[in-house]
1. Quickly run through the range 100-109 and pick out the residues that are in a strand (DSSP E or B) and of a type in the set (A, V, I, L, M).
2. With the requirement that a residue be under 29 Å from residue 198 (Cα atoms) and either of a type in the set (Phe, Trp, Tyr) or surrounded by 24 or more Cβ atoms within 10 Å (Cβ to Cβ) (or both), what does the range 222-248 give you?
3. From the list 97, 154, which one is surrounded by fewer than 18 Cβ atoms within 10 Å (Cβ to Cβ), at negative phi and assigned to a helix (DSSP H, G or I)?
4. Of the conditions (1) at pLDDT 95 or above; (2) within 22 Å of residue 91 (Cα to Cα); (3) among the hydrophobic types (A, V, I, L, M, F, W, C), residue 222 clears all except one; give me its number.
5. How many residues are open to solvent by 70 Å² or more (accessible area, probe 1.4 Å) and not charged (D, E, K, R) when one looks only at the range 167-191?
6. Given the residues 208, 195, which is the only one that is more than 28 Å from the chain's Cα centre (by Cα), open to solvent by less than 40 Å² (accessible area, probe 1.4 Å) and modelled with pLDDT under 95?
7. For the range 166-187, which residues satisfy the criterion of being of a type in the set (A, V, I, L, M), part of a helix (DSSP H, G or I) and either modelled with pLDDT under 95 or closer than 21 Å to residue 214 by Cβ (or both)?
8. Please give the number of the condition residue 226 fails out of (1) charged (D, E, K, R); (2) closer than 21 Å to residue 145 by Cα; (3) without any contact (Cβ under 8 Å) to a residue 12 or more places away in the chain.
Amino acid sequence: MSTKTPPRRPRNKCSSSHLSCPSCAWYPSSSAYSTRTLGKASPPPLPLAAPPLAPVEGAATAPLRPPPPPPPPPVSLGDVVLHSYWRSSCSWRVRVALSFYGVEYAYARVNLLADEQRGLSEMGQVPRLDWSDAAGERHSLTQSLAILELLHEAASAPGRSLLPLGPVPRARAREIAEVINAGTQPLQNLGHMRAISALAAKDQGSDAGRSLGREAIAKGLAAAEKLAAANRDERFCVGSHSSVADLCVVPQLYNARRFEVDLQPYPRLRAVEAHAATLPYFQAAHPDAQPDAAKA
């Protein structure tokens, strides 16, 4: 039995538009025909994207992004006082930074051997920096690296900063600084050594605190030596100018000699120290130049 394809109604005989006429039920689809429901018009096609809403007259237009926060007010340093002990390596770092940035300050002597640092801060340590802001309010700050950050914010200028410009050199300088600040100096700190020696004396009677301090210094200097050796300029730990790394390394080498640590394995650190000795801001901060230095 053969199937005849029904003829399609000619367009020019349709009483309406051919595509919207409900009587034109036949549409070609490949070799066959498909149908749609008779008597019902096809729904209009959906738009590809919703049209933008018309702005309401008089309504405020929201910004695309929030405005940037206002810059912080500049830090004002007035009537600066540094509580320091002449042979404290942490105080030494701050003295170098104050001289480097040209900040005038009064020197307040603190005798660590007489425990005068107790009550000076929550940790009972030096250094402590006191200053007045622009409104005359008095402030205090402890911990040497925190003070160095404050001085950078308050007194640095283009081309004159103890923090390198690039993110990687800046992180490297902080890394070397923390090797000394967190992993070396605290283990040879006077209070720490006294506590260990007191405990060891009950059992052996030896100066265990000083022995521990000597080992900590050797280990910390070895780590700092390896990091500084990667720098092309032998005069500095990082980059081609003084940084927080140099401020931590130089006082630690001074302490190493007091602890009779052999410094021959650290040629790069000794080169940094030798160059620092020629710089005015290091010379002014040297322990022997302080008013409370013990005179031989």
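1. 106, 108
2. Correct list: 248 only.
3. 154
4. Result: residue 222 passes all but (2).
5. Number of matching residues: 2.
6. Values: 195 fails: open to solvent by less than 40 Å² (accessible area, probe 1.4 Å).
Going through 208, 195 in turn, the sole match is 208.
7. 176, 179, 180, 187, listed by residue number.
8. Result: residue 226 fails condition (2) only.
The values are calculated or read from the model by the stated rules, or taken from the named source; none is laboratory data. Every value quoted in this text rests on a predicted model; they were computed, and no experiment measured them. Virtual Cβ from ideal backbone geometry, glycine too; neighbours counted across all protein chains shown. Only protein heavy atoms, including side chains, enter the accessible area calculation; ligands, DNA and RNA are left aside. Shrake-Rupley method; radii C 1.70, N 1.55, O 1.52, S 1.80 Å.
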